[in-house]
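The values are calculated or read from the model by the stated rules, or taken from the named source; none is laboratory data. It should be emphasised that the depicted structure is a prediction, and the values quoted were computed from it without experimental measurement. Neighbour counts run over all protein chains shown; Cβ positions are idealised from the backbone, glycine included. Remember, those area values only see protein heavy atoms, side chains included, never the ligands or the DNA or RNA. Shrake-Rupley method; radii C 1.70, N 1.55, O 1.52, S 1.80 Å.
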Amino acid sequence: MQLIDVFNGDADGICALHQLRLAEPAESVLVTGPKREIDLLKRVQAGVGDQINVLDIALSKNCKALEALLEAGAHVRYFDHHQPGVIPQHPNFESHINTDSNVCTSLLVNQYLQGKHLAWAVVAAFGDNLADSAHAAAKPLNLSDSQLAQLKSLGECLNYNGYGESLDDLFFDPAALYRQLQPFADPFMFMAEAAYPILKQGYEADMARVMTVQAMDSRPSGQIYLLPAAKWARRISGVFGNKLAVDSPTRAHAVLTALPAGGYVVSVRAPLIAQSGADDLCSQFESGGGRKGAAGINHLPQSDVERFVKSFHAVFTRS
């Protein structure tokens with residue numbers, strides 16, 4: 001029998017798996033990649049008796065591969081908070097999917113585990129830019145403001161590492177980063193390790209560069225930023241979008257990062273006061289998807305930029 005863990009390479013995916021494996025220790029095959037590589041189930045080969053855990057990747061982008069795995073006899077347990085499309089009804093399928101804009105996958109896993117490793121769910125919620133949810137979830141931990149700030153920084157850094165066009169853009173392969181977390185039930189103990197200082201230094205350097213960029217389009221409904229085709233820009237694009245959302249919670253934000261081969265990868269953040277519309281906007285484009293508060297487009301052709309700008313303001317003017 002194979003045990004296979006399939007997870008998004010961002011803070012939420014990594015922390016969701018970390019909680020699950022702290023509670024259910026086992027060696028497994030890891031399937032992951034950069035944050036935007038979400039069609040991960042097509043890489044899985046499994047059959048009768050194999051057990052697959054899927055964490056923080058949209059079912060809507062993996063439905064055909066999931067159906068094939070279920071029909072082959074594999075058992076699949078699925079935790080996610082993105083728009084799922086049609087959820088299969090199958091005896092081998094266990095679904096823990098909730099698209100509420102105030103939850104992330106790690107909070108769903110925390111609920112499933114009845115709070116056994118809550119601190120890591122708090123880290124993930126901060127990383128997913130769900131600060132209110134993180135603070136609410138953290139109350140039983142009785143942490144100081146300083147400790148909460150440390151968990152927030154860790155979440156942001158883990159999330160930052162997931163962004164990039166390929167593994168070459170990242171400081172750590174997400175599978176390797178998860179392996180570094182694996183021995184630590186206490187996130188504060190992990191933060192003394194080498195991975196965190198490296199990520200924190202990279203995050204601060206890239207953020208300093210991006211904060212010099214001016215918006216290419218700015219209106220009451222929101223702002224759109226354009227970043228160059230550079231590694232630092234691809235790494236910081238998503239967490240930059242999170243920062244913009246926090247700094248201006250009544251406005252929507254989009255970050256278009258140029259791709260070396262042409263076109264753009266897009267990160268969209270809905271206004272934090274509303275937490276809706278991002279998925280509606282991005283799903284209008286072929287490679288788009290996500291959740292209500294935060295979504296993206298994997299490849300926006302140059303020819304579609306004008307349509308994107310119009311749609312962006314149309315969606316968030318009526319939100």
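Quick one: of the DSSP bridges fully inside the chain, what percent are antiparallel, nearest 5? Antiparallel bridges: around 40 percent, rounded to the nearest 5. Estimated at 0.36 nm per residue, the fully extended path between residue 283 and residue 261 surpasses their Cα-Cα distance by 5.7 nm. Ligands, DNA and RNA are left out, and with a 1.4 angstrom probe the accessible area of the chain is 41 Å² per residue. Taken over the stretch 84-170, the ratio of Cα radius of gyration to 2.2 N^0.38 Å equals 1.25.
Between the stretch 65-97 and the stretch 179-245, the alpha-carbon centres lie 32 Å apart.
Relative protection proxy for 237-249, 25-37, from highest mean packing down: 237-249, 25-37 (other beta-carbon atoms within 10 angstrom). Note on the stretch 272-313: with neighbouring protein chains present and a 1.4 Å probe, carbon and sulfur make up 48 percent of its accessible heavy-atom surface. Pairwise Cα distances in the stretch 201-319 exceed 19 Å in 39 percent of cases. Packing, taken as the mean count of other beta carbons within 10 Å per residue, orders the peptides 277-287, 190-200, 58-68 from highest to lowest as 277-287, 58-68, 190-200.
Here the simple spin-label model places points 7 Å from the Cα toward Cβ, and for residue 182 and residue 97 these points are separated by 3.0 nm. By the Stokes-Einstein formula, at 0.692 mPa s and 37 °C, the chain with its Kirkwood radius over alpha-carbon pairs has D equal to 168 µm²/s. Take the Cα of residue 302, step 7 Å toward its Cβ, do the same at residue 201, and the gap between the two points is 3.8 nm.
Structural descriptor for the stretch 16-152: relative contact order 21 percent, calculated from alpha carbon pairs under 8 angstrom and at least 6 residues apart. Surface composition of the stretch 1-141: carbon and sulfur atoms hold 50% of the protein heavy-atom accessible area at a 1.4 Å probe. Think of it as helices only: each DSSP H run of n ≥ 4 in the chain is worth -39500 (n - 2.57), and spread over all residues that comes to -12500 deg cm²/dmol at 222 nm. Simple spin-label estimate for residue 131 and residue 68 gives 4.3 nm between the two label positions (7 Å along the Cα-to-Cβ direction from each Cα).
Among the listed pairs 152/292; 35/139; 35/231, those whose Cα-Cα separation exceeds 26 Å are 35/139.
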